[in-house]
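The values are calculated or read from the model by the stated rules, or taken from the named source; none is laboratory data. All figures in this text were calculated on a predicted structure; none of them were measured in a lab. We place every Cβ from the backbone using ideal geometry, glycine too, and count neighbours over all the protein chains shown.
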Amino acid sequence: MHSPESTNRVALTTAAYTITSTADVQDCAPPGRLNKPRPAEVAPLWLGDWKQVVFLHFKVDRDILQALVPVPLETFEGEAYISLVAFTMDRFRPARGGSWTASLFWPVRSHHFLNVRTYVRSGSERGIYFLTEWVSQALCIPCARWFFQLPYHFGRIRYQNVPTQGKVSGSVQASGRELRYEAHVPPTAPLTTCGPGTLDEFLLECYVAFTGDRTRLRFFRVAHRPWTQTRVTAQLPMDGLLTPTPWHATAQFAGAHYSPGLFNVMMGRPHRA
């Protein structure tokens, strides 16, 4: 990967990419770009908690990325982005049926994710598109692929995303390749919601997810409280899991965020796009 411009205050170290997330990379977007549904607008099919979340962001070549995505890209100040999102899904359960149906999903109630997403727009809908996802629970894969058209793959995932002595870390292994990250989360770091029109809002506040391909494109909605987050310094000592991807060679590591997570996230059923 190429190092970002020096104005982003990004230092390239041996076998690792180190990013200090500063206000220098925070740009303004035109108002009214974000479509955030109210909970009443989402008929939830599933509920779950997204806990201890690490976001790792990349600027990527727009033309290379668009060739991989069946939906028009949404850019910020002309730049296309990909984000890696590492988190733990907990208390995953059907939205209806109470404790009885929740007990049927006990084997998959808690598992780790690493998703790779980009930012798109279809008509008036702004959202994300999943390029690929790794999950630690193989039982989730068949249903997610068939029902949601989600590109799930099994991965051996180990996360330590609860800040211990100001640090979080994780590793994902799949197909003989590995990704490892480390991030510094100062104990006194303020947790705030994203400012309107900022790059932080563009990268984090997404409430529609597109899946599938041009022949079978789907989308589903989610609803949750705004993210409380902080910008963090992150390193990727190993990124071999990403090297087969066409966008990797020209990607620029563009920033990182940490959030303690969200509770009772509502996830709707898939629709045809």
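Can you confirm whether ALA209 is in contact (Cβ under 8 Å) with a residue 60 or more places away in the chain, in a strand (DSSP E or B) and more than 18 Å from VAL54 (Cβ to Cβ)? So that I can check it myself, show each step before the final result.
Details: in contact (Cβ under 8 Å) with a residue 60 or more places away in the chain: yes; in a strand (DSSP E or B): yes; more than 18 Å from VAL54 (Cβ to Cβ): yes.
For ALA209, the condition - in contact (Cβ under 8 Å) with a residue 60 or more places away in the chain, in a strand (DSSP E or B) and more than 18 Å from VAL54 (Cβ to Cβ) - is met.
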Problem - Any chance HIS271 is surrounded by fewer than 19 Cβ atoms within 10 Å (Cβ to Cβ) and not aliphatic (A, V, I, L, M) - result: yes
Exercise for the section: Could you list all residues from segment 174-199 that are assigned to a strand (DSSP E or B), in contact with a Leu (Cβ under 9 Å, 6 or more places away or on another chain) and either surrounded by fewer than 14 Cβ atoms within 10 Å (Cβ to Cβ) or touching a residue at least 60 places away in the same chain (Cβ under 8 Å) (or both)? Expected result: ALA174, ARG177, GLU178, LEU179, TYR181, ALA183
Handout entry: Residue within segment 125-147 that is on the phi > 0 side of the Ramachandran plot, at pLDDT below 95 and loosely packed, with under 15 Cβ neighbours inside 10 Å present
Key = no
Practice task
Test VAL60 against the criterion of being among the aliphatic types (A, V, I, L, M), crowded, with 20+ Cβ neighbours inside 10 Å, out of contact with any Ser or Thr (no Cβ under 6 Å at 6 or more places or on another chain) and at pLDDT below 95, and give yes or no.
Solution key: no
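Kindly indicate which of GLN229, GLN160 is more than 16 Å from the chain's Cα centre (by Cα) and modelled with pLDDT of 95 or more.
After applying the criteria, what remains is GLN160.
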Practice task
Look at LEU191 and say whether it is out of contact with any His (no Cβ under 7 Å at 6 or more places or on another chain), of a type in the set (A, V, I, L, M) and over 25 Å from VAL60 (Cα atoms).
Solution key: yes
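Under the condition of being among the aliphatic types (A, V, I, L, M) and touching a residue at least 60 places away in the same chain (Cβ under 8 Å), which residue from segment 117-144 is farthest from HIS271 (Cα to Cα)?
Taking the candidates together, the pick is LEU131.
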Problem - Among the candidates LEU236, LEU241, residue that is more than 29 Å from TRP146 (Cα to Cα), at pLDDT 95 or above and not hydroxyl-bearing (Ser, Thr, Tyr) - result: LEU236
Problem - Among the candidates LEU241, LEU204, residue that is buried (at least 20 other Cβ atoms within 10 Å of the Cβ) and under 15 Å from the mean Cα position of the chain (by Cα) - result: LEU204
